[in-house]
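Colleague: Pasting in a structure now, in structure tokens, and then I'll have a few things to ask.
What follows is calculated from the coordinates using simple rules that are stated; it is not laboratory data. The model shown is predicted, which means the values in this text are computed figures rather than measured ones. Glycine also receives a Cβ, built like all others from the backbone with ideal geometry; neighbour counts cover every protein chain displayed.
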2 protein chains.
Amino acid sequence: MKHLLAVDWGTSSLRGALLDRHGKVLQERTFARGILTVPPGEFATVFEACFEPWTRAAGTFCLISGMAGSRQGWVEAPYCACPAGLDDIARQLVWVTPGCIAIVPGLRCEQDSIPDVMRGEETQVFGALQLLDLRDAVLVLPGTHSKWVRVASNRMEHFTTFMTGEFYALLRQHSILARTLPGDDGDLDVDAFNQGVALALHSASLLQTAFSARTLSLFERLPAAALPSYLSGLVIGEELRTQPLEAGAQVVLVGADTLTQRYELALAQRRVPVRRVGQDAAWRGLWAIASALSSSPTGIP
Amino acid sequence: MKHLLAVDWGTSSLRGALLDRHGKVLQERTFARGILTVPPGEFATVFEACFEPWTRAAGTFCLISGMAGSRQGWVEAPYCACPAGLDDIARQLVWVTPGCIAIVPGLRCEQDSIPDVMRGEETQVFGALQLLDLRDAVLVLPGTHSKWVRVASNRMEHFTTFMTGEFYALLRQHSILARTLPGDDGDLDVDAFNQGVALALHSASLLQTAFSARTLSLFERLPAAALPSYLSGLVIGEELRTQPLEAGAQVVLVGADTLTQRYELALAQRRVPVRRVGQDAAWRGLWAIASALSSSPTGIP
């Protein structure tokens, strides 16, 4: 493999990076061409239009993670079962163009007969582990559907999804609270955020705590401008409350700074130290999968 | 007092009943004229148009509960603090027309510096207590904002709001689950409902359990037609999970049958027996408040 074209094709955006044989990022591109914008049968055309100069170079191998492998995506890549390591994922790639373009499978796990799934986050997890040189970790990938992941001996053992970002957006935009909250979220109000986290950590359910955003505003104990931060603290605190974390246990936060900073603040209330990895975890993860593939008997040259 | 015109004026509907001096309901009327449909300054006009024949009769006293007493309503009736009994409420009526039309105040309570409020449910609570001849009870008033109420010696000691109905609607209409759920809720699928309740009772947060509606559908373990009932079980089960109910403790459910039936099913999983009271609790409650007022030195004739 001369170059790797690493692609993260999600629901709402399409990101790509060109990596050299050592995994170094040479160039990056982002397009507002998430899979929801692509009509069925048009994935190859969109892909070519976005990355044509890179794909033309001889010896470029392309690996795609994310929702492009879902039923609504380019080619469906069935979920790989947990526990799973890099080798398992590399073995279950789905080829769009044999030897040239492949799609990374998502992962699934199950607990008490309830399945859970991810697509794209598995790549970030393995990238983050390599960047931090870890083989055992608890990782959190905040977002619309936040993931808590447990890795042991470099294999993903189990993970859990929380609809944290989506609940925030639902309450923010469509609930009775939307009438009170200002149009713009504004900068994070750290005190209001921490107040929301503290309440959620000591309460039983967001069904109850969410109403406090209304009553604190009604009795003028929180200004409207502080409510988005307070609500953000409530939902993130609710997610954290469910986790049996021991004091001193370390958590790896993977994602955009604006989100991982909030989780770091919230985890500080439980005295949990963090390490943070940015969105380049996806590139490193795709490079790690390509490397695992190269070293396998059926791998790419 | 010859007749009582009992009015429940909420956010989305306006209901009224004419009661004789013994509290018997003679006639009822319902209008799609919730306070959100009434422009400021037009409340008297709307009220007259809806109830004119009843108000013209000599000796008719009118008592209004619900959001008509909110800041956005006819006349603001400040919240009455808990613990509160019928006498406290009767003393804090706000008169629209002295001696003729009065608005029932809502209630407020506070725990750990977080206020909680209700408007209209207090009237249903006191009505339900009279109908069942109870002075001590735990009551649940399911709805958009569900209320759990503790009454001791005929005084409301404390209550808690859960945004259960609103969360259901948000998830149903605006979340990623909306794409999978059928357009119509259909009849209740009792098995799917119970499955949702059971999961919620043994889980830590709706942020996590809500995602199971998606994965169970993805792996074809629940048909799309069963998902609304399953989701309803998840949110109602989440509400119940937070309650420290002992087995055998009785709960009084107040409200429309379609909702109280679901709560009865869910509470059965915790072996909690129920008694149910319908929406006539509001009429009985308004009659009880009017009676408390009549017997006070400053009361109506």
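Colleague: Quick one: label points 7 angstrom along Cα→Cβ at B:Gln261, distances to the other copies in nm, smallest first?
Modeller: Spelled out, the distances from B:Gln261's label point are 5.2 nm.
Colleague: Please list, in chain and number order, the residues 5+ apart from A:Gly10 or on another chain whose amide H is under 5 Å from its amide H, with Hs placed from the backbone.
Modeller: Amide H to amide H, under 5 Å and 5 or more residues apart or across chains, A:Gly10 pairs with A:Arg15, A:Ile35, A:Met67.
Colleague: Hey, another quick one. Which values of log₁₀ I(q)/I(0), to two decimal places, follow from the Debye formula for chain A at q = 0.07, 0.10 Å⁻¹ with a uniform point scatterer at every Cα?
Modeller: Each listed q maps to, in turn, -0.30, -0.59.
Colleague: Additional query: For region A:214-301, which chymotrypsin sites (Phe, Trp or Tyr not before Pro) are in a loop by DSSP, counting at most 16 other Cβ atoms within 10 Å?
Modeller: Working: sites: A:Phe219, A:Tyr230, A:Tyr263, A:Trp283, A:Trp287; in loops: A:Phe219.
Here the sparse-neighbourhood loop sites are A:Phe219.
Colleague: Evaluate the relative contact order of region B:79-231 (contact order divided by residue number), counting alpha-carbon pairs under 8 angstrom at least 6 apart; express in whole percent.
Modeller: Numbers: 199 pairs, mean separation 24.0, N = 153.
Relative contact order, region B:79-231: 16 percent.
Colleague: May I ask you to derive the relative contact order of chain A, considering only C-alpha pairs under 8 Å and at least 6 residues apart, and to give it as an integer percent?
Modeller: Values: 589 pairs, mean separation 51.4, N = 301.
17 percent.
Colleague: Expressed as a rounded percentage, what relative contact order does region A:1-126 have, with Cα pairs under 8 Å and six or more residues apart? Could the numbers behind the result be given before it?
Modeller: Working: 249 pairs, mean separation 27.4, N = 126.
Across region A:1-126, relative contact order equals 22 percent.
Colleague: Out of region A:106-192, which GluC sites (Glu not before Pro) are coil in DSSP terms and have no more than 10 other C-beta atoms within 10 Å?
Modeller: Numbers: sites: A:Glu110, A:Glu121, A:Glu122, A:Glu157, A:Glu166; in loops: none.
Of the GluC sites (Glu not before Pro), not one in the loops of region A:106-192 has a Cβ with at most 10 other Cβ atoms within 10 Å.
Colleague: Would you list the P(r) distribution for the protein assembly as shown, with all Cα-Cα distances sorted into 10 Å bins from 0 and each bin expressed as a whole %?
Modeller: 3, 16, 22, 22, 16, 10, 7, 4, 1, 0
Colleague: Can I ask one more? In degrees between 0 and 90, to the nearest 10, how far off the longest principal axis of chain A does helix A:164-174 point, with axes built from Cα atoms?
Modeller: So the inclination is approximately 60 degrees.
Colleague: Give me the distance in nm between label points sitting 7 Å out from Cα along the Cα-to-Cβ direction at A:Asp112 and A:Arg56, one decimal.
Modeller: Calculated label separation equals 5.6 nm.
Colleague: Okay, next question. Going 7 Å from the Cα of B:Ala169 along its beta-carbon direction, which residues of region B:104-121 have the amide nitrogen within less than 20 Å of the resulting point?
Modeller: B:117-121
Colleague: Say R0 is 30 Å: what FRET efficiency, to the nearest 0.05, do A:His22 and B:Arg179 get from their beta-carbon distance? Please list the in-between numbers first.
Modeller: Values: r = 42 Å, r/R0 = 1.39.
That gives a FRET efficiency of 0.10.
Colleague: Right, another one. With +1 assigned to the C-beta of every Lys and Arg and -1 to the C-beta of every Asp and Glu, and no other charges, what is the dipole magnitude of chain A about the Cα centre in debye, to the nearest 20? Before the final figure, lay out each step's value.
Modeller: On the way: 26 positive and 30 negative charges, 52 e Å.
In total the dipole reaches around 240 debye.
Colleague: Quick check on region A:37-189: take the gyration tensor over C-alpha atoms, sort the square-rooted eigenvalues as a ≥ b ≥ c, and tell me if it's rounded (a/c under 1.5), prolate or oblate.
Modeller: oblate
Colleague: While we're on this one: Pairing the Cα long axis of helix A:257-268 with the longest principal axis of chain A, what angle in degrees results, from 0 to 90 and rounded to the nearest 10?
Modeller: Between helix and principal axis, roughly 50 degrees.
Colleague: To continue, here is another question. Using the Karplus curve 6.51 cos²θ - 1.76 cosθ + 1.60 with θ = phi - 60°, work out ³J(HN,Hα) for each residue of region B:39-46 in order, rounded to whole Hz, and write x for Gly and Pro.
Modeller: Coupling constants for region B:39-46: x, x, x, 9, 5, 4, 5, 5 Hz.
Colleague: If you stretched the chain out fully between A:Thr258 and A:Leu36, how much longer would it get, using 0.36 nm times the residue separation minus the C-alpha to C-alpha distance? Before the final figure, lay out the partial values.
Modeller: Details: separation 222, 0.36 × 222 = 79.92 nm, distance 2.46 nm.
The A:Thr258-A:Leu36 span can extend by a further 77.5 nm.
Colleague: Also, quick follow-up: What distance in nm separates the simple spin-label points at A:Arg221 and B:Glu76, each placed 7 Å from Cα in the Cβ direction?
Modeller: Between A:Arg221 and B:Glu76, the label points sit 1.8 nm apart.
Colleague: A follow-up question, please. Considering the dipole of region B:162-277 built from charges on the beta carbon (Lys and Arg +1, Asp and Glu -1) around the Cα centre, which of B:Val197, B:Leu245, B:Leu216 is farthest to its positive end?
Modeller: About the Cα centre, the residue reaching furthest to the positive side is B:Leu245.
Colleague: Hey, another quick one. Kirkwood Rh, Cα Rg: Rg to Rh for region A:1-119? Intermediate values should be presented prior to the final figure.
Modeller: Details: Rg = 14.6 Å, Rh = 14.8 Å.
We get a ratio of 0.98 for region A:1-119.
Colleague: OK, next. How about region A:206-267: which GluC sites (Glu not before Pro) there are in a DSSP loop, with at most 14 other Cβ atoms within 10 Å of their Cβ? Walk me through the numbers before you get to the answer.
Modeller: Details: sites: A:Glu220, A:Glu238, A:Glu239, A:Glu246, A:Glu264; in loops: A:Glu220, A:Glu246.
Loop-located and lightly packed - A:Glu220, A:Glu246.
Colleague: Straight distance only, please: which lysines reach the Cα of B:Lys24 with their own Cα at less than 18 Å, same-chain residues fewer than 8 apart left out?
Modeller: Once the sequence-local lysines are set aside, what remains near B:Lys24 is B:Lys2.
Colleague: Please report, largest first and rounded to whole Å, the three semi-axes of the ellipsoid equivalent to region B:162-277, where each semi-axis is the square root of five times an eigenvalue of the C-alpha gyration tensor.
Modeller: Values: eigenvalues 114, 43, 31 Å².
The equivalent ellipsoid of region B:162-277 has semi-axes of 24, 15, 12 Å.
Colleague: How far, in nm to one decimal, is B:Pro182 from itself in the other copies if the label point is set 7 angstrom along Cα toward Cβ? Shortest first, please.
Modeller: Relative to the other copies, B:Pro182 has label-point distances of 4.6 nm.
Colleague: Moving on. For the pair B:Ser12 and A:Asp87, how long in nm is the line joining their label points, each one 7 Å along Cα→Cβ?
Modeller: Using points 7 Å along Cα→Cβ, the separation is 5.7 nm.
Colleague: Right, something else. A:Leu36 label points, 7 Å along Cα→Cβ, one per copy: pairwise distances from this copy to the rest in nm, shortest first?
Modeller: 2.4
Colleague: ³J(HN,Hα) across region B:59-74 via Karplus (A = 6.51, B = -1.76, C = 1.60, θ = phi - 60°), whole Hz, x for Gly/Pro?
Modeller: Karplus-based 3J(HN,Hα) across region B:59-74 equals x, 8, 9, 10, 10, 10, 10, x, 5, 4, x, 8, 4, 8, x, 5 Hz.
Colleague: Skipping prolines and chain starts, which residues have an amide H placed within reach, meaning under 5 Å, of the one on B:Arg155, given they are 5 or more residues away or on another chain?
Modeller: Those qualifying (amide H under 5 Å, at least 5 residues apart or on another chain) number zero.
Colleague: Still on this structure, please answer the following. Please give the helix A:281-294 orientation as an angle from the longest Cα principal axis of chain A, in degrees from 0 to 90, rounded to the nearest 10.
Modeller: Between helix and principal axis, roughly 30 degrees.
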